[in-house]
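The values are calculated or read from the model by the stated rules, or taken from the named source; none is laboratory data. All figures in this text were calculated on a predicted structure; none of them were measured in a lab. Because the Cβ atoms are built from the backbone with ideal geometry, glycine has one as well, and the counts that use them run over all protein chains shown.
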Amino acid sequence: MQVATIRMVGMLPAMTRAARDRVVPMDVLVVNALNVGVAAGAAVVTGNREFLFYVVVLAVLLAIGLAVHVRVGFSPWVLRGLTLWAVLHMAGGLVPVPAGWPINGEQRVLYSWWLVPDRLKYDQVVHAFGFGVTTWAFWQGLRRMTHDSVHPTLGALFTCACAAMGCGALNEVVEFVAVLTMPKTNVGGYDNTGWDLVSNTAGAVFAAFLIRLGALR
């Protein structure tokens, strides 16, 4: 009995540390709550059915992300990166751009904005950033599942990057559902889908490169 008690006491710091790793930072909770609330309100006021659909999708993804975080314990900076991506995504479809800014398409919102005319859109940067962070999240999940025994080998990083790109493909499926179920969207055509996938790949590969260098853990 005494030996068992000593062992349990010895485990307490580790248990406390594990529980602490799974706490969601307050800034992440507040920003996500505001993001969903403001985006939902703006979509309702403007009658933007497409982004109301995306708000529902975002809420589902947040619930899934929280469930995964409870299991693996993402770092605070991964959580903040995913949160920033969610904010950029919601802003992309709801925040208008001035009349003089170059856009692609008819809707004058951030997602249509050419950062570099006919070369680079806001949409593509957000895709690259988001799926770069997703690659980082998969890497952290892989490390937690293997109790930090895995190293950033090319094989491990290739797996994480492919997993993130798979999520990117699923994102395109969600956008396709929006196109099929709504009369008018800002999704774009085949070229837009192709460049989205290229951006996802670029972000995933760049994140894997940073992990390999040790800049991301």
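Given the condition out of contact with any helix residue (DSSP H, G or I) (no Cβ under 9 Å at 6 or more places or on another chain), within 20 Å of V177 (Cβ to Cβ) and either at pLDDT below 95 or not polar (S, T, N, Q) (or both), answer yes or no: does some residue in segment 67-79 qualify?
Filtering segment 67-79 down to residues out of contact with any helix residue (DSSP H, G or I) (no Cβ under 9 Å at 6 or more places or on another chain) leaves 67, 70.
From the residues that got through so far, the ones that are within 20 Å of V177 (Cβ to Cβ) too are none.
Looking through segment 67-79, none of the residues is out of contact with any helix residue (DSSP H, G or I) (no Cβ under 9 Å at 6 or more places or on another chain), within 20 Å of V177 (Cβ to Cβ) and either at pLDDT below 95 or not polar (S, T, N, Q) (or both).
Just to be sure, is T159 closer than 25 Å to V70 by Cβ, more than 14 Å from the chain's Cα centre (by Cα) and not in a loop (DSSP other than H, G, I, E, B)? Break it down into steps so the answer makes sense when it comes.
Working: closer than 25 Å to V70 by Cβ: yes; more than 14 Å from the chain's Cα centre (by Cα): yes; not in a loop (DSSP other than H, G, I, E, B): yes.
It is true that T159 is closer than 25 Å to V70 by Cβ, more than 14 Å from the chain's Cα centre (by Cα) and not in a loop (DSSP other than H, G, I, E, B).
Within segment 39-60, which residues are free of Cβ contacts under 8 Å to residues at least 12 places away in the same chain and either in contact with a Phe, Trp or Tyr (Cβ under 6 Å, 6 or more places away or on another chain) or not small (G, A, S) (or both)?
Restricting attention to segment 39-60, the residues satisfying the condition of being free of Cβ contacts under 8 Å to residues at least 12 places away in the same chain are 41, 44-45, 47, 56, 60.
Listed by number, the residues that qualify are V44, V45, V56, V60.
Output the number of residues of segment 198-217 satisfying the condition of being at pLDDT below 85 and over 18 Å from the mean Cα position of the chain (by Cα).
Pass one, segment 198-217, residues at pLDDT below 85: 215-217.
Now narrow it down to the ones that are over 18 Å from the mean Cα position of the chain (by Cα): 215.
Going through segment 198-217 one residue at a time, the tally reaches 1.
Only one of F53, F138 is among the hydrophobic types (A, V, I, L, M, F, W, C), under 28 Å from I211 (Cβ atoms) and within 20 Å of the chain's Cα centre (by Cα). Can you tell me which?
Numbers: F53 fails: under 28 Å from I211 (Cβ atoms).
Testing whether each residue is among the hydrophobic types (A, V, I, L, M, F, W, C), under 28 Å from I211 (Cβ atoms) and within 20 Å of the chain's Cα centre (by Cα) leaves just F138.
Select from segment 175-187 the residues that are in contact with a Ser or Thr (Cβ under 7 Å, 6 or more places away or on another chain) and touching a residue at least 60 places away in the same chain (Cβ under 8 Å) and write down the one among them that is nearest to R49 (Cα to Cα). Give the steps one after another, and end with the answer.
Keep residues of segment 175-187 that are in contact with a Ser or Thr (Cβ under 7 Å, 6 or more places away or on another chain), which gives 178-179, 186.
Going one step further and asking which of them are touching a residue at least 60 places away in the same chain (Cβ under 8 Å), we end up with 178, 186.
Details: A178: 9, N186: 11 Å.
Ranking the qualifying residues of segment 175-187, first place goes to A178.
Looking only at residues that are of a type in the set (G, A, S) and over 22 Å from P96 (Cβ atoms) in segment 34-68, which one is surrounded by the most Cβ atoms within 10 Å (Cβ to Cβ)? If you could, list the steps in order and put the result at the bottom.
At the first step, the residues of segment 34-68 found to be of a type in the set (G, A, S) are 37, 39-43, 47, 59, 63, 65, 67.
Going one step further and asking which of them are over 22 Å from P96 (Cβ atoms), we end up with 59, 63, 65, 67.
Working: A59: 14, A63: 10, G65: 19, A67: 9.
Only one residue fits best here, namely G65.
Tell me the residue from T134, T159 that is among the hydroxyl-bearing types (S, T, Y), farther than 30 Å from W101 by Cβ and either out of contact with any helix residue (DSSP H, G or I) (no Cβ under 6 Å at 6 or more places or on another chain) or buried (at least 22 other Cβ atoms within 10 Å of the Cβ) (or both), please.
T159
For segment 71-127, name all the residues that are in a loop (DSSP other than H, G, I, E, B), of a type in the set (V, I, T) and under 20 Å from E175 (Cβ atoms).
Here is the first cut: in segment 71-127, the residues in a loop (DSSP other than H, G, I, E, B) are 73-75, 95, 97-102, 104-108, 117-119.
With of a type in the set (V, I, T) added as a condition, the list becomes 95, 97.
Within segment 71-127, just V95 meets the criteria.
Of everything in segment 188-197, what is in contact (Cβ under 8 Å) with a residue 40 or more places away in the chain and either under 18 Å from the mean Cα position of the chain (by Cα) or crowded, with 20+ Cβ neighbours inside 10 Å (or both)? Give them in sequence order.
Once the filter is applied, which keeps residues that are in contact (Cβ under 8 Å) with a residue 40 or more places away in the chain and either under 18 Å from the mean Cα position of the chain (by Cα) or crowded, with 20+ Cβ neighbours inside 10 Å (or both), segment 188-197 yields W195, D196.
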